[in-house]
Amino acid sequence: MSANPDVLRASELIGSAVDAKAATQKKMAREQSAWSPEAFAREQIRTLVRRVFFHCEGRPAKQVVFSAAGANPELASICHQVGEALALETPSRVAIVTREPSDRNKICFLRNDDTTRIKDDAVQLATNLWRVAELGPCGGSERTGLGQYWASRLAELRSEFEFSVIQGPVAGSSSESALLGELADGIVLVLGAGSTRKASARKVKEWLEAGSSRLLGTVLSGRAFPVPQRIYQRL
């Protein structure tokens with residue numbers, strides 16, 4: 001007695017649907033196991049680097065200041081991550097300019113030995129990546145003026161490094177932050193999730209634009225992931 005063709009076709013369709021569902025579940029499981037907040041953050045940094053340094057509108061951005069709208073303990077880490085990602089995107093020399101205390105007797109801009117370079121006092125982190133200690137104003141800048149000091153300092157950075165990631169002071173807090181925003185190729189504003197108020201961020205943005213700073217973008221730090229990972233991995 002031969003089998004009913006309709007029954008066979010229904011059975012085959014059910015089997016195919018079960019196999020497809022199982023394959024989808026396995027794929028989702030692999031994607032979920034490979035996803036993590038850390039990997040997501042790295043991808044966001046890489047995207048930021050490409051947009052800011054390589055695909056920005058107008059003049060090229062080679063020297064960029066990262067400044068927080070208020071106190072932000074993650075700013076130094078963000079600058080370091082951006083510098084590392086940038087060094088992987090280009091063979092050019094990259095400097096991460098920190099605000100770590102430095103030996104002012106060595107790092108002060110107005111020095112008698114003109115052959116001494118910034119790179120001589122920097123720490124090499126990779127083949128094309130250096131960490132530069134604080135370049136903030138020292139004794140001589142009181143005589144030359146803050147504007148002239150930073151113009152000369154940034155020019156010196158440009159002569160030694162093709163790209164510079166500069167950790168700036170709190171945005172809107174001093175004339176120094178305004179000068180850096182004007183003299184560098186642009187500024188990226190770092191906002192704290194849950195700590196930076198919208199009104200404060202808007203005020204800082206208006207202050208930067210009024211001072212002729214080129215605002216290249218914003219970064220949201222301290223971001224939480226309250227929704228399931230399977231949703232974030234599809235964003």
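The values are calculated or read from the model by the stated rules, or taken from the named source; none is laboratory data. Since the model is a prediction, treat every value here as computed from it, not as a measurement. Note that we place each Cβ from the backbone using ideal geometry, even for glycine, and neighbour counts take in every protein chain shown.
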Return the residues of the stretch 165-178 that are polar (S, T, N, Q) and without any contact (Cβ under 8 Å) to a residue 60 or more places away in the chain; say none if nothing qualifies. SER173, SER174, SER175
ARG99: within 14 Å of GLN167 (Cβ to Cβ), modelled with pLDDT of 95 or more and either over 15 Å from the mean Cα position of the chain (by Cα) or in the same structural domain as PHE161 (by TED's automatic domain parsing) (or both), yes or no? no
How many residues are among the charged types (D, E, K, R) and more than 21 Å from ARG50 (Cα to Cα) if we restrict to the stretch 144-169? 3
Output the qualifying pairs, or none if there are none: Cβ atoms under 7 angstrom, residues six or more apart or on different chains, first residue in the stretch 179-198 and within 17 Å of GLU74 (Cα to Cα) and touching a residue at least 60 places away in the same chain (Cβ under 8 Å), second residue in a helix (DSSP H, G or I) and not hydrophobic (A, V, I, L, M, F, W, C). ILE187/GLY181; LEU189/LYS205
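So that you can scan it fast, the table gives a plain yes or no per residue for (1) modelled with pLDDT of 65 or more; (2) surrounded by 13 or more Cβ atoms within 10 Å (Cβ to Cβ); (3) under 18 Å from ARG214 (Cα atoms); (4) not assigned by TED's automatic domain parsing to the domain that holds ARG197:
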| position | (1), (2), (3), (4) |
| --- | --- |
| ASP6 | no, no, no, yes |
| ALA20 | no, no, no, yes |
| ARG30 | no, no, no, yes |
| ILE45 | yes, yes, no, no |
| VAL49 | yes, yes, yes, no |
| ALA68 | yes, yes, yes, no |
Sort out which residues of the stretch 149-193 are of a type in the set (Ser, Thr, Tyr), surrounded by fewer than 22 Cβ atoms within 10 Å (Cβ to Cβ) and either not in a helix (DSSP H, G or I) or not assigned by TED's automatic domain parsing to the domain that holds ALA87 (or both), and write them in order of number. SER173, SER174
Failed item in (1) within 20 Å of VAL188 (Cα to Cα); (2) modelled with pLDDT under 80, with VAL82 passing the rest: (2)
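Take the conditions assigned to a helix (DSSP H, G or I), surrounded by 16 or more Cβ atoms within 10 Å (Cβ to Cβ), modelled with pLDDT of 85 or more and not hydrophobic (A, V, I, L, M, F, W, C) and apply them to ARG131. Does it pass?
On the way: assigned to a helix (DSSP H, G or I): no; surrounded by 16 or more Cβ atoms within 10 Å (Cβ to Cβ): yes; modelled with pLDDT of 85 or more: yes; not hydrophobic (A, V, I, L, M, F, W, C): yes.
No, not satisfied.
Out of curiosity, is LYS119 assigned by TED's automatic domain parsing to the domain that holds HIS80, of a type in the set (D, E, K, R), at pLDDT below 85 and outside any loop (DSSP other than H, G, I, E, B)?
On the way: assigned by TED's automatic domain parsing to the domain that holds HIS80: yes; of a type in the set (D, E, K, R): yes; at pLDDT below 85: no; outside any loop (DSSP other than H, G, I, E, B): yes.
Spelling it out, it is not the case that LYS119 is assigned by TED's automatic domain parsing to the domain that holds HIS80, of a type in the set (D, E, K, R), at pLDDT below 85 and outside any loop (DSSP other than H, G, I, E, B).
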